[in-house]
Amino acid sequence: MPSKSRPDSLLVSAGLLHSKGWQVAIIGLGTASVQLDTSVNIAFPAITRGFDLTIADIQWVVICYVLTYASLLLALGRVGDSVGHAIVFRIGLIWSAAALLLVSCSPNYGAMLAFRCLQGVGAALVLSCGAALVTSLYGEERRGRALGIYTMMMAFGLMIGPLLGGALTAIFDWPAVFWFRIPIAIAALLLLLLLRAKPGSPASRADDRLDIVGGIALTLGLVTMLLALNRMRELSAVWFALLSAIAFAAFVLRESRAARPIIAIDVLRLPGFAMLNLVSVLANLAAFSVWLLVPYFLARVPGYTLTGSGAILAAAAAGAALAAPIGGRLVGRYISAERLAIAGAAAIGAGLLLLSAWTEQTPTFLRVVGLVVQGIGLGLFQLAYSDIVTSALPLRDRGVAGSLVLLTRTLGTVTAASIVLMVFDSLRSNHSFLEAFHQTFQLAGMLAFAAAGLLLLSHRRIGTT
């Protein structure tokens, strides 16, 4: 059976497209069709006006999309490991293009949310196999560099999204932040076809098949957990939490007995591994507060256009794009991944505290500095975390490893969409917008520092055992 460590038949090509650089660029282009979803954040005020929504309502634009792909990532990562990462990646591009068209044509808010769920399925297909394709191009000895490049590509998509989103929303209104990504997905698909690849499924083995029962239990557990977080102020949260606990218990029981589990339960017992994943959720929860609240702050500043606001918001992703490849070269040779993750989480907190001091008179330069510091911290943390998780799982589970990294990141994102907006709304009921903004980012900054502290304590405890 062909090795799963190479990116299926993406390596089988000729001419210019045969080079690693071009293949990585094509994978990055396909991934960008998903990562450019940050263009939607800068369009939040326009969507709010277009459908006559409150600021609290906008969270569902994030939750419907992210909850869908978060619940599917691990299962689809296992599918990619079994049938071929390139196959799943290409199907994801086709699905994403169709879903983006539907969202951009949404006749009402309910339809938009339904189509965002469909878009989430396409995102899960693409993201579950992107990291596996890139890391397999470079080999294990250069895994850190490969992950640095992939993290940088992801950050570039995050960075360009607000820039394009602001300009397109100003000209064409909010549907443009969806339809402009359709040609990007199609272009990546066509370039993959030019590789003349033949990504047929590897021969199946009994222990290579997806554990469907485990996948259903995992999906149900994730969905109900996120709904419980979202509805914390309602009695229904208790029932969602109970159902989530039952589903996760069933998942653990099933995976402990499966010949080829979605994720080996033993890996969760590795020293510090569970804590590391919790810290990833907390760090990303804190960091995503930028994408939720900063667009509304910038919309209140006199003299800022949508394009200008998008450029300022993009500074956060620019910091991550700058830091990730540098971190990829440093990790393992000059600094351990664990220490780099601690430094990254602390930098996230520092950047968020800088944001908490913003006023309408704050110079644009200082606003950019705060966003860049936060972005640098996020880039370093995500790179280090990816390296730790990838090294902890077997080579044949590379799709699952990449999916686990994205899953914890996504859990942080969805949790932020619920908790950060809930905290902000609660503060806003008794304070001005600016005071609520300040206090929310102070809390987010302290959460990032707490994540760094937990990781530091865990690292020290492991080092002494």
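Determine, yes or no, whether ILE26 is closer than 23 Å to ILE149 by Cα and surrounded by fewer than 24 Cβ atoms within 10 Å (Cβ to Cβ).
yes
How many of the residues making up the stretch 334-381 are charged (D, E, K, R) and free of Cβ contacts under 8 Å to residues at least 24 places away in the same chain?
Residues in the stretch 334-381 being charged (D, E, K, R) and free of Cβ contacts under 8 Å to residues at least 24 places away in the same chain: 0 in total.
Mind telling me which of the residues ALA32, ALA131, ALA99, ALA123 ends up being buried (at least 19 other Cβ atoms within 10 Å of the Cβ) and over 18 Å from the mean Cα position of the chain (by Cα)? Before the answer, list the steps.
Values: ALA32 fails: over 18 Å from the mean Cα position of the chain (by Cα); ALA131 fails: over 18 Å from the mean Cα position of the chain (by Cα); ALA123 fails: over 18 Å from the mean Cα position of the chain (by Cα).
After applying the criteria, what remains is ALA99.
Inside the stretch 425-457, can you point out the residues that are modelled with pLDDT under 90 and buried (at least 23 other Cβ atoms within 10 Å of the Cβ)?
Correct list: LEU455 only.
Scan the stretch 319-331 and give yes if some residue there is in contact (Cβ under 8 Å) with a residue 24 or more places away in the chain, farther than 12 Å from GLY377 by Cα and outside any helix (DSSP H, G or I), otherwise no.
Yes - at least one qualifying residue is present in the stretch 319-331.
Please go through the stretch 337-361 and give me each residue that is in a loop (DSSP other than H, G, I, E, B), farther than 12 Å from GLY445 by Cα and at pLDDT 90 or above, ordered by number.
TRP358
Looking at ALA314, ALA228, ALA286, which one is assigned to a helix (DSSP H, G or I), among the aliphatic types (A, V, I, L, M) and at pLDDT 85 or above?
Checking each option against the conditions leaves just ALA286.
Does the stretch 327-346 hold any residues that are more than 13 Å from LEU455 (Cβ to Cβ) and surrounded by 22 or more Cβ atoms within 10 Å (Cβ to Cβ), and which are they?
Selection gives GLY327, GLY328, VAL331.
So which residues in the stretch 27-85 are free of Cβ contacts under 8 Å to residues at least 60 places away in the same chain and in a loop (DSSP other than H, G, I, E, B)?
Answer for the stretch 27-85, where residues must be free of Cβ contacts under 8 Å to residues at least 60 places away in the same chain and in a loop (DSSP other than H, G, I, E, B): ASP52, LEU53, THR54.
Looking at LEU168, LEU164, can you tell me which residue is modelled with pLDDT under 85 and either crowded, with 22+ Cβ neighbours inside 10 Å or closer than 30 Å to TYR296 by Cβ (or both)? Lay out the reasoning, then the answer.
Working: LEU168 fails: modelled with pLDDT under 85.
Exactly one residue qualifies, and that residue is LEU164.
The values are calculated or read from the model by the stated rules, or taken from the named source; none is laboratory data. This one's a predicted model, so the numbers in the text were calculated from it and none came from an experiment. So basically every Cβ, Gly included, is an ideal-geometry build from the backbone, and we count neighbours across all protein chains shown.
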